[in-house]
Amino acid sequence: MPTRSPLILSLFFGVGCAGGDPGGDTGEGAASGETESRPAAMTDTLMIEGSPQPLALRLFRTDDDFPLPFSAYVPEDMTRASEGDDEDGASVRFVAEFGGVRNERALVHLFVHPVGTDPQQALAVVRAYEAAAGVPVSRGIEPLGESETLRRMPWADHAYVFRYQASGTWYLGTIGLGSHAGRLYHLVVHYPAEYGDGFGPRAAILLDTWRWGDGSPLQHGTGASDITIPSARPDTAP
């Protein structure tokens with residue numbers, strides 16, 4: 001079983017996680033009809049404060065009518081908060097529920113922007129994102145330059161890390177804007193700093209095992225239908 005770093009998310013902060021998909025997943029996507037080959041449940045191993053800890057995972061799939069179908073393995077102590085699709089966009093949230101205590105501010109959040117959303121409008125939504133007491137992450141946001149984006153969040157056209165304080169609590173995370181199959185989306189990892197050792201590796205597992213409906217992992221859009229966001233990846237603060 002793979003062992004993962006307790007310190008930081010491999011996809012977002014550049015520290016590698018050993019091992020691949022739990023159970024040797026073949027990468028089939030949620031809508032392809034081939035995801036039956038992905039087991040419904042798996043076990044992974046985390047290293048927490050130097051000690052290996054088993055972690056049960058369950059396979060999540062979006063509904064087939066979700067605009068960007070995907071599947072991923074979700075730790076059993078993270079629950080799906082919502083899934084929906086309407087004229088304002090579609091959203092899925094996975095929220096930490098460690099020790100039976102739910103924390104809506106420790107989450108992985110996918111938001112699929114409505115059809116026809118202007119890329120600059122989507123960027124404005126990203127920069128105004130809020131997850132803690134009405135305080136936008138822009139209070140402590142820093143953009144990643146192109147080389148750091150490619151290393152940490154290769155799927156994103158625009159990528160940011162953030163660290164800010166709200167109501168006496170420090171929050172950390174990442175947010176990126178990307179595109180897949182002709183739709184813009186942003187993906188957020190947000191959590192209290194005190195959750196770092198436990199939440200970061202769990203989020204990494206979810207994202208490492210993410211497969212879009214066409215079978216591809218999280219990666220920079222390369223298909224002809226993917227949207228070209230006109231401005232370059234940012235090298236200066238917004």
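FRET efficiency for ASP65 and SER147, Cβ-Cβ distance as r, R0 = 30 Å, nearest 0.05?
0.20
Using a simple spin-label model with points 7 Å from Cα along the Cα→Cβ vector, what separation in nm is obtained for TRP170 and SER51?
So the two model labels end up 2.5 nm from each other.
Counting other C-beta atoms within 10 Å, and keeping those with at most 15, which DSSP coil chymotrypsin sites (Phe, Trp or Tyr not before Pro) do you find in segment 75-132?
When the chymotrypsin sites (Phe, Trp or Tyr not before Pro) of segment 75-132 are filtered for loop state and at most 15 Cβ neighbours within 10 Å, nothing remains.
In nm, to one decimal, how far is the ALA40 label point from the GLN120 one, both placed 7 Å along Cα→Cβ?
5.0 nm
Taking the simple approach of a point 7 Å from Cα along Cα-to-Cβ for both ARG163 and ARG80, what is their distance in nm?
My value for the distance between the label points is 3.5 nm.
Quick note: the coordinates plus some simple rules give every number you see, no bench work behind them. Remember, predicted model here, so these are calculated numbers, not experimental data. All Cβ positions, glycine included, derive from the backbone under ideal geometry; neighbour counts span all protein chains shown.
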